[in-house]
Amino acid sequence: MWNQEWAAQAACRGQHPDKLFVRGAEQNKAKQVCGGCPVRTECLAEALDNQIEWGVWGGMTERERRALLRRRPNASWRAVLEAAREQHPDVVVRV
């Protein structure tokens, strides 16, 4: 089931935003916050569908997201990730 109110349940909601908008090795620390997030998929879809250029979203850096967007520039990432979740409800979907 897709969570429309995902931001309120994000693992990062209580953290200072500057911790998610970092460069270099600090991005790995930011990605760890996303590891157990219950709305990681929704967050990633938001960033991909809106082509958000900065920060770590859904456990991916801007560079990682750009690579996905180059491979599938016209994809509806919400649809892709939601379908994957429905097909494999017990698996954490990674793209």
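Computed from the coordinates by the stated procedures, all read-outs in this text should not be read as laboratory data. Treat the numbers as computed from the prediction; the structure is a model and nothing was measured. Don't worry about glycine lacking a Cβ; one is built from the backbone with ideal geometry, like all the others, and counts go over all protein chains shown.
Does the range 40-51 contain at least one residue that is outside any helix (DSSP H, G or I) and under 14 Å from the mean Cα position of the chain (by Cα)? Yes: the range 40-51 contains one or more residues that are outside any helix (DSSP H, G or I) and under 14 Å from the mean Cα position of the chain (by Cα). Scanning the range 48-62 for residues that are surrounded by fewer than 16 Cβ atoms within 10 Å (Cβ to Cβ) and not hydrophobic (A, V, I, L, M, F, W, C) returns N50, Q51, E53. Applying a threshold of 7 Å to beta carbon distances and a minimum spacing of six or more residues, or different chains, the list of pairs starting in the range 52-80 at a residue that is in contact (Cβ under 8 Å) with a residue 12 or more places away in the chain and ending at one that is exposed (fewer than 14 other Cβ atoms within 10 Å of the Cβ) reads G59/G35; L69/Q51.
Working carefully through the options E46, E5, E26, E53, find the one that is among the charged types (D, E, K, R) and in contact with a strand residue (DSSP E or B) (Cβ under 8 Å, 6 or more places away or on another chain).
None of the other options fit; the residue is E46.
The residue that is farthest from E82 (Cα to Cα), among those in the range 3-33 that are part of a loop (DSSP other than H, G, I, E, B) and among the charged types (D, E, K, R), is R23.
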